[in-house]
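**Student:** Following this message is one structure expressed as structure tokens.
The values are calculated or read from the model by the stated rules, or taken from the named source; none is laboratory data. Here the structure is a predicted model, which means the values were calculated and not measured. Note that we place each Cβ from the backbone using ideal geometry, even for glycine, and neighbour counts take in every protein chain shown.
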Amino acid sequence: MTLTSTVPSELVHRAAVAEVLLTGWRRVDDSRFVMTAQWPRGHCFFTPVAGGYHDPLIGCETLRQIGLLLGHAEFGVPFGHQFLVRDIGLAVR
């Protein structure tokens with residue numbers, strides 16, 4: 001897996017490659033995967049908070065992209081289908 005290029009933007013429902021955070025994935029077993037992502041140093045929406053820390057929402061966006069990518073690439077959800085995320089949680093220490 002690499003951090004130098006992103007996954008195809010259509011797998012995470014993003015029009016601009018600059019908005020794609022994921023850089024790769026690998027299947028571990030039937031229901032587990034290892035994902036890699038790279039967050040931008042600066043972003044117009046996900047701006048630093050509380051002394052320069054990453055905005056926690058970028059973590060949520062990363063999780064959202066993971067769900068879309070795995071749905072299409074690993075579980076066969078056809079393009080054009082809509083996804084509904086009811087809850088998403090993230091804990092930051």
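**Student:** Taking the stretch 45-78 as the search range and keeping residues that are charged (D, E, K, R) and assigned to a helix (DSSP H, G or I), which one is nearest to V34 (Cα to Cα)?
**Tutor:** Going residue by residue through the stretch 45-78, those that are charged (D, E, K, R) are 55, 61, 64, 74.
Filter once more, keeping what is assigned to a helix (DSSP H, G or I): 61, 64.
On the way: E61: 17, R64: 15 Å.
Among residues in the stretch 45-78 that are charged (D, E, K, R) and assigned to a helix (DSSP H, G or I), the one nearest to V34 (Cα to Cα) is R64.
**Student:** Moving on. Since Q38 meets every condition but one in (1) at pLDDT below 90; (2) at positive phi, which condition does it not meet?
**Tutor:** (2)
**Student:** Do you know which of the residues in the stretch 1-21 that are small (G, A, S) and assigned to a loop (DSSP other than H, G, I, E, B) is farthest from V85 (Cα to Cα)? Walk me through how you get there before you give the answer.
**Tutor:** The first filter runs over the stretch 1-21 and keeps only residues small (G, A, S), leaving 5, 9, 15-16, 18.
In the following step, the residues that additionally are assigned to a loop (DSSP other than H, G, I, E, B) were identified as 5, 15-16.
On the way: S5: 26, A15: 19, A16: 21 Å.
Looking at the filtered set, the residue picked out is S5.
**Student:** Quick check: anything in the stretch 33-49 surrounded by fewer than 16 Cβ atoms within 10 Å (Cβ to Cβ), aliphatic (A, V, I, L, M) and touching a strand residue (DSSP E or B) at 6+ places or on another chain (Cβ under 6 Å)?
**Tutor:** yes
**Student:** Here's another thing I want to ask about it. Cβ-Cβ distance below 9 Å, separation of 6 or more or different chains: which pairs start in the stretch 56-78 with a residue that is at positive phi and of a type outside the set (D, E) and end on one that is at pLDDT 95 or above and assigned to a loop (DSSP other than H, G, I, E, B)?
**Tutor:** none
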